[in-house]
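Participant: Take a look at the following structure, please.
Each value in this text was obtained by applying a stated rule to the coordinates, not by laboratory testing. Being a predicted model, the structure only gives us computed values, none of them experimental. Quick reminder, even Gly has a Cβ in these numbers, built from the backbone with ideal geometry, and neighbours come from all protein chains shown.
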Amino acid sequence: MWIFSISVRWRHLSPGNYNNKFLALGTAPCDRIYMTPREAELSAALAASQQQNVALNQEIEILKQKIDALVRRIFGAKSEKMNPAQLELFMAGTGPGVAPPPPGEAPAPAAAAPATGDLLTAPPADHPVTAGPKNARRPRLPEHLPVMEEIIDPDIVVANPAGFRFVNQIVTEQLDFVRGHFVRRHIIRRKYVPIGNPEVAPIIAPLDLIQDRCIATPRLLANTLVLRFEQHLPYYRIEQLYARAGVPLSRQTLCGWAGMAANASGIILALTREEVFADGYVQADETHP
């Protein structure tokens, strides 16, 4: 037993095994004396993977901050929007081919790095970074147009006005065309709650629109379609005609209104076709004056 134990220990502590294990590791801890070359290789690969994982996690955190800053800059409210100079601070740091500094080491100064990619260099003193001028928000409809109000109450309130109490109202503004001039049409829908049961949800009349958030009334759509398809005026002429009346409307808007009216008219055309062909016998006159 003594001879066998001495031979086993001598084999593990032979000069060849000692050099192969501890020269590669750089140290010779007591718990790694019996590691095989394969175990030493796997331990080194595990350490490299862990270091790479830490670097990737740091890069992911920086990229998350960039995305969050861009989303707030583009889609955030005015109070949450960031200054362009402040946004560039988040864009500096990592990029393709730039690795984040390891933990415990200070990052290299931006002045020593080349001014390429996402890296940020300090602007010259005579060219300070300033935010661009804020454009004033354009009013949705011209303010000089006269206002025509229309009050709509729910049918149940009209039938029994003494049983409800007015609490609030919603105003929808539309552009209307009445006898050769434009007006701003205010559709006022008042909210009511029952007097005996004020905890229920308020009652409000429905709003009938061809399309949500469309500012054109049916009369304005009808006038535009008559000018285009009955009087054969091109859209740029209609645009100039409305501009002279004090309401600038682009050709893209007019084209969109025509397509919206065509889609809405498809229901009427389908019902008319169904009624015409319901009898099974159709007689038509192809003459045209």
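Participant: Cα gyration tensor of region 209-251, axes a ≥ b ≥ c as square roots of the eigenvalues: rounded (a/c below 1.5), prolate (a/b > b/c) or oblate? It would help to have the intermediate numbers written out before the result.
Facilitator: Values: a/c = 2.22, a/b = 1.33, b/c = 1.67.
It comes out oblate by the Cα gyration axes.
Participant: Under a plain spin-label model, where a point goes 7 Å from the Cα along Cα-to-Cβ, how far apart in nm are GLN50 and THR287?
Facilitator: The answer from the label model is 9.9 nm.
Participant: So, one more: Could you compute the net charge surrounding ASN53? Neighbours are other residues with a C-beta less than 14 Å from the C-beta of ASN53; K and R count +1, D and E count -1. The partial results should precede the final answer.
Facilitator: Details: positive: none; negative: GLU59, GLU61.
Within the 14 Å Cβ shell, the charges total -2.
Participant: Per 5 Å bin from zero, what fraction in whole % of the C-alpha pairs of region 164-289 is there, up to the bin with the longest pair?
Facilitator: 2, 8, 14, 15, 13, 11, 10, 10, 8, 5, 2, 1, 0, 0
Participant: Say each of ARG273 and GLU41 gets a label point 7 Å from the Cα, pointing the same way as Cα to Cβ; how far apart are those two points in nm?
Facilitator: 7.4 nm
Participant: Label 7 Å along Cα→Cβ of CYS214; region 249-268 residues with amide nitrogen under 15 Å?
Facilitator: Under 15 Å, as judged by backbone N against the label point of CYS214, lie 253-268 of region 249-268.
Participant: Using the 10 angstrom Cβ neighbour count as an exposure proxy, how do THR172, THR224, THR287, THR36 rank, fewest first? Walk me through the intermediate numbers first.
Facilitator: Details: THR172 15, THR224 23, THR287 5, THR36 11.
Neighbour counts put them in this order, fewest first: THR287, THR36, THR172, THR224.
Participant: If you don't mind, another one. What is the gain in length, in nm to one decimal, between TYR34 and ARG179 on full extension, counting 0.36 nm per residue of separation less the C-alpha to C-alpha distance?
Facilitator: Values: separation 145, 0.36 × 145 = 52.20 nm, distance 10.08 nm.
Extra length available between TYR34 and ARG179 comes to 42.1 nm.
Participant: Using 0.36 nm times the number of residues separating ARG165 and ALA245, minus their current alpha carbon distance, what extension gain do you get? Could the numbers behind the result be given before it?
Facilitator: Working: separation 80, 0.36 × 80 = 28.80 nm, distance 4.18 nm.
My answer for the length gained is 24.6 nm.
Participant: When Lys and Arg each count +1 and Asp and Glu each count -1, what net charge do the other residues less than 14 Å away from MET260, Cβ to Cβ, add up to?
Facilitator: Values: positive: ARG213, ARG228; negative: ASP212.
Charge balance in the 14 Å sphere: +1.
Participant: While we're on this one: If I model a spin label as a point 7 Å beyond the Cα along the Cα-Cβ vector, how far apart are those points for CYS255 and GLN231 in nm?
Facilitator: Inter-label distance under the simple model: 2.2 nm.
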